[in-house]
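Novice: Next up is a structure, given as structure tokens.
Values quoted throughout were computed directly from the atomic coordinates according to the rules given, and no laboratory measurement underlies them. This is a predicted model, so every value here is computed, not measured. Because the Cβ atoms are built from the backbone with ideal geometry, glycine has one as well, and the counts that use them run over all protein chains shown.
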Amino acid sequence: MTTRAGFVALIGEPNAGKSTLTNQLVGAKVSIVTHKVQTTRARIRGVAMEGDAQIVLVDTPGLFRPRRRLDRAMVAAAWGGAADADIVVLLVEAHRGVTPGVEAILERLAEIGQGRTVALAINKIDRVKSDVLLALSKDLNDRFEFANTFMVSAEKGYGCADLKAWLGAELPEGTWFYPEDQIADLPIRMIAAEITREKLTLRMHQELPYQLTVETENWEERQDGTARIDQIIYVARDGHKGILLGHKGETIKAVSKASREELEEFLGRRVHLFLQVKVREKWLEEAERYSEMGLDFKDGNV
Ligand SMILES: Nc1nc2c(ncn2[C@@H]2O[C@H](COP(=O)(O)OP(=O)(O)OP(=O)(O)O)[C@@H](O)[C@H]2O)c(=O)[nH]1
Ligand SMILES: [Mg+2]
């Protein structure tokens, strides 16, 4: 049997739907999704099978003009994912079209994309009419030589089978990187931390989601088949801790419940989840926080 295998990096502006598409192609939730920008912070590998091809999807942080150290490290991780991939898929939001952000990405792709297969996926086609879509596809194809163009709705699944089939056929021959039934390559403690961060991001307003990080501190498999998971939420300010806890601890309780329920579903067993909020003014400047997130601290250097 001839097998195929390779890495496919999904890149695009924040919120383009990269994580949603990763999950759709894998057929399971391996990367967190929210309506807010900059949800994904590091490269998340999801594994999808297409016949005899193993497609390793590399979900990346959104590409934008970074300001903080964390932002710079995220953007570097995204471009690093593209550089290491066999195929790059650029996601563009159908209803937003060619934004300045998309233009900047195309420029950079023109620099590094030489000799690399780059495909275009126009996402969220459920939000626009077909004439808009065709005009956008033409505009983008005039600006860059894409190997192929797909029109998809990562959320609804439209067009995703075509994209997956093409990716599978396009990957080089080679042996699989992971067992056939593996769906992600991310330490389980990190998946658990991401799930809690998703629930926090969904509940917290404005800047707060960008000012916190979650780490799994301890994981204990108990005799009775349940798991005890201890996590720390680092925030930079006292005031943020108060907001996070909420009146009589109601906010953190709701977050904890939502996270625990998803963890239980994911792990298929009961979970005891303990969340602790710690104020750590300088966490955004600590190398250890970055390695816990799967980022390179040095990438954040100006
Ligand atoms: N209508 C519609 N919404 C979508 C589609 N795909 C994704 N979304 C929504 O777009 C938002 C962002 O999705 P994500 O998958 O988190 O986007 P992302 O590109 O991973 O974002 P970052 O991690 O922040 O870079 C979420 O609210 C998704 O539900 C789609 O095909 N149609
Ligand atoms: Mg994402």
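Novice: Need one word for region 188-300: rounded, prolate or oblate. Basis is the Cα gyration tensor (sqrt eigenvalues a ≥ b ≥ c); a/c below 1.5 gives rounded, then a/b vs b/c decides.
Specialist: oblate
Novice: Build a GNM of the chain with springs between Cα atoms under 10 Å: which of Ala78, Ala161, Ala119 gets the top mean-square fluctuation?
Specialist: For the chain, modelled as a Gaussian network with Cα springs under 10 Å, the answer is Ala161.
Novice: Obtain the nm distance between the two label points defined at Arg143 and Gln182 by a simple spin-label model: each point lies 7 Å from its Cα along the Cα-to-C-beta direction.
Specialist: 3.7
Novice: Could you tell me the center-to-center distance, by alpha carbons, between region 124-179 and region 243-261 in angstrom?
Specialist: 39
Novice: Now, a different point. To the nearest 0.05, how large is the calculated FRET efficiency for Ala104 and Leu133 if R₀ is 30 Å and r is the Cβ-Cβ distance?
Specialist: 0.85
Novice: What ranking of Met190, Met1 emerges when the number of other C-beta atoms within 10 Å of each C-beta is taken as an exposure proxy, fewest first?
Specialist: With the sparsest Cβ surroundings first, the list reads Met1, Met190.
Novice: Evaluate the charge dipole of region 188-300 about its Cα centre and quote only its size in Debye, nearest 20, assuming +1 on the Cβ of each Lys and Arg and -1 on the Cβ of each Asp and Glu.
Specialist: 460
Novice: Enumerate by residue number the chymotrypsin sites (Phe, Trp or Tyr not before Pro) in region 171-274 meeting two conditions: DSSP loop (anything except H, G, I, E, B), and at most 15 other Cβ atoms within 10 Å of the site's Cβ.
Specialist: Those that pass, being in a loop and sparsely packed, are Phe177.
Novice: Pull out a ≥ b ≥ c, the square roots of the eigenvalues of the alpha-carbon gyration tensor of region 125-172, then state rounded if a/c is under 1.5, prolate if not and a/b is larger than b/c, and oblate in the remaining case.
Specialist: Cα axes put region 125-172 in the oblate bin.
Novice: Which residues in region 38-78 place their backbone N less than 16 Å from a point set 7 Å from the Cα of Val302 along the Cα-to-Cβ direction?
Specialist: 66-73
Novice: To check you understand DSSP bridge types, tell me what percent of the beta bridges within the chain (both residues inside) are antiparallel, rounded to 5.
Specialist: The antiparallel fraction comes to roughly 40 percent.
Novice: Using the 2.2 N^0.38 Å rule of thumb for compact globular proteins, work out how the chain stacks up: its C-alpha Rg over that value, please.
Specialist: The value comes to 1.02.
Novice: Oh, and also: So for region 197-302, averaging the separation of alpha carbon pairs under 8 Å that are six or more residues apart and normalising by length, what relative contact order in percent results?
Specialist: So the answer I get is 27 percent.
Novice: For region 1-140, give me the percentage of DSSP beta bridges that are antiparallel, rounded to the nearest 5 percent.
Specialist: That works out to approximately 25 percent antiparallel.
Novice: Looking at region 188-300 only, what percent of DSSP beta bridges run antiparallel? Nearest 5 please.
Specialist: Of those bridges, close to 50 percent are antiparallel.
Novice: While we're on this one: State to the nearest 20 debye the size of the charge dipole of the chain about its Cα centre, where the only charges are +1 on K and R beta carbons and -1 on D and E beta carbons.
Specialist: The calculated dipole for the chain is roughly 1140 debye.
Novice: Can I ask one more? Can you tell me how region 4-170 classifies by the Cα gyration tensor, rounded, prolate or oblate, using a/c under 1.5 as the rounded cut?
Specialist: Judged from the Cα gyration tensor, region 4-170 comes out rounded (a/c under 1.5).
Novice: Another question, then. Suppose a student asked you for the relative contact order of region 4-170, using Cα pairs under 8 Å spaced at least 6 residues apart; what percent would you report?
Specialist: 26
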